[in-house]
Amino acid sequence: MRVALSPPFRSLTSWSRIHRWSSLACTVFLLILCATGLPLIFKAEIGDWTGTTIEPPAMPADTPHVSVDRLVADAKARRPGDAIRYISQDDDAPAWFISMGRQADSAEATAVFKYDARTGAMIHDIPQQQGVMYVIREAHVELFSGLPGTLFIGAMGCLFVLSIVSGIVIYAPFMRKLRFGEIRQQRGRRIRWLDLHNLLAIATASWLLVVGVTGIVNTLALPLLSYWQRTALAEMTMAWRDKPAPVSYSSLQQAIAVAKAAAPGMDVSFVGFPGSRFATPHHYMVFMRGDTVLTSRLLKPVMIDAETDQLVAARSLPWYLTLLLISQPLHFGDYGGLPLKILWAGLDLIAIVVLGSGIYLWFSRRSALAVDVGS
Amino acid sequence: MSGREIWAAPLLIAAAVISSLLALLCDVPAGWVWPARIGVSIPIWVIGLCLYRSCRSPVAHHSVEDPGQRRDIN
């Protein structure tokens with residue numbers, strides 16, 4: 001016989017089902033993401049500790065920098081068969097990175113060279129696609145499956161957010177007769193873990209939501225970039241559409257100087273070389289950044305003609321790419337120094353316990369129901 | 001507990017965490033960096049205090065009806 005349920009109870013049952021199944025569907029993948037995310041929080045520190053990061057030697061602060069054209073020439077001479085994709089400036093040290101690929105628009109780098117900005121010396125040929133951190137990153141970002149893996153992670157992130165929201169909705173009815181954060185120690189292991197699961201999850205719910213939502217946005221990076229290239233960037237470069245790509249390029253140092261003049265008070269974050277995914281075949285795309293925590297993340301692209309070094313356009317990024325750039329620090333927790341990273345790690349460990357306890361509560365459900373029926 | 005009481009602690013924690021994260025991102029003045037970092041750590045402190053409290057009084061609320069046993073969310 002079916003028992004008619006009152007509307008609030010029916011609604012609670014529906015939310016419980018949503019919470020149960022959305023959690024079960026994504027928990028294993030979320031456990032992988034939390035476990036692999038933990039070392040990635042300390043990626044820079046691990047590089048320092050293991051000696052895989054090489055910094056330029058100390059010199060007086062006012063030591064002049066060499067022209068980046070010299071670095072570009074050196075990189076080309078080292079790998080004459082490859083093309084330069086990007087050149088980026090180190091955030092913390094006087095150094096440049098030059099990323100090369102089989103072609104300028106290659107998704108994978110064949111080599112990344114680190115240069116001392118003051119001497120022009122190549123100080124580190126950074127190993128590509130090898131090492132433990134590379135494997136961890138591949139697992140975290142794309143589950144070793146390229147873009148489909150990244151989008152799958154995004155879908156799991158959506159389920160995770162749904163699971164948090166439904167968990168918040170059903171939190172109040174289950175806490176009616178308990179104090180906040182109460183753990184019923186004497187009611188058996190399962191009830192103890194249920195209370196612990198509820199406490200850990202509700203206390204960290206806002207952090208879990210922030211990391212979950214920003215993680216979903218991050219999985220859309222490639223599709224968003226591709227959309228920008230097809231729309232705003234295509235519109236900016238309409239006049240060059242039918243022109244052949246230049247055979248040789250003008251001075252990058254001069255292009256950077258023009259970009260700095262077009263965006264006063266900003267510094268270079270990175271330059272997309274002509275033909276790369278961040279530029280067109282006819283232009284350098286100089287991405288400028290501000291000098292505060294927030295503005296250093298909000299890039300402004302300045303388009304420079306790669307034959308004449310003339311300024312073509314300097315526009316702010318569209319809202320969806322700005323959203324993507326703001327999502328990154330909120331997901332990685334890398335904008336408040338080492339203390340924030342340690343907190344991120346602590347909250348990540350708590351998330352692992354929440355997920356693990358959720359699995360335990362599901363598997364111990366049958367025995368709990370049997371006890372319930374028996375009594 | 002009334003609905004308002006149930007939500008008081010979770011909402012305060014959420015407000016502290018989110019405002020601290022945004023304050024750090026928006027470059028708070030130097031003197032406010034540590035308070036903002038502590039704001040992010042509030043969930044950890046709250047969890048620690050609740051665990052400490054339940055370890056100190058393991059038999060408290062023994063008679064409270066268990067809302068999770070019959071209709072378990074998991």
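The values are calculated or read from the model by the stated rules, or taken from the named source; none is laboratory data. The model shown is predicted, which means the values in this text are computed figures rather than measured ones. Neighbour counts run over all protein chains shown; Cβ positions are idealised from the backbone, glycine included. Keep in mind that these areas ignore ligands, DNA and RNA; they rest on the heavy atoms of the full protein, side chains included. Shrake-Rupley method; radii C 1.70, N 1.55, O 1.52, S 1.80 Å.
Return the Rg/Rh value of the range A:269-375, two decimal places, where both radii are evaluated on C-alpha atoms and Rh is the Kirkwood radius.
1.35
Check each of the trypsin sites (Lys or Arg not before Pro) in the range A:1-97 and keep only those in coil by DSSP with at most 16 other C-beta atoms within 10 angstrom; list them in order.
Hits after loop and neighbour filter: A:Arg2.
Please give the solvent-accessible surface of A:Phe180 in Å², to the nearest 10, using a probe radius of 1.4 Å with every protein chain present.
40
Would you tell me the accessible area of A:Glu108, worked out with a 1.4 angstrom probe on the heavy atoms of the protein chains, in Å² to the nearest 10?
Approximately 100 Å² of A:Glu108 is accessible to the 1.4 Å probe.
I want to check the label-to-label distance for A:Ile359 and A:Lys260. Put each point 7 Å from Cα in the C-beta direction and report it in nm to one decimal.
Placing both labels 7 Å along Cα→Cβ, they lie 5.3 nm apart.
Rounded to the nearest 0.05, what FRET efficiency is calculated for A:Val28 and A:Ala77 with R0 set to 60 Å and r the Cβ-Cβ distance?
Taking R0 as 60 Å, the efficiency between A:Val28 and A:Ala77 is 0.80.
Rounded, prolate or oblate: which one fits the range A:40-103, using the alpha carbon gyration tensor with axes a ≥ b ≥ c (rounded when a/c is under 1.5, else prolate when a/b beats b/c, else oblate)?
The shape class here is oblate.
To the nearest 10 Å², what's A:Thr308's accessible area with a 1.4 Å probe?
Result for A:Thr308: roughly 80 Å² accessible.
Calculated from DSSP H runs of 4 or more alone, at -39500 (n - 2.57) each and per residue, what is the 222 nm mean residue ellipticity of chain A, nearest 500?
-17000 deg cm²/dmol, from helical runs alone.
Lys pairs in chain A, Cα-Cα under 30 Å, at least 8 apart or on separate chains: how many?
Lysine pairs satisfying the spacing and distance rule in chain A number 15.
Looking at the calculated P(r) for chain A, what percent of the C-alpha pair distances fall above 26 Å?
61
How many nm is it between the label spots at B:Glu5 and B:Cys26, if each spot is 7 Å from the Cα in line with the beta carbon?
3.5
Zone of A:Ser67 (label point 7 Å along Cα→Cβ, backbone N under 12 Å): which residues in the range A:247-283?
Backbone N within reach: A:250-255.
Can you pull the mean other chain C-beta count within 10 Å for peptide A:191-204?
5
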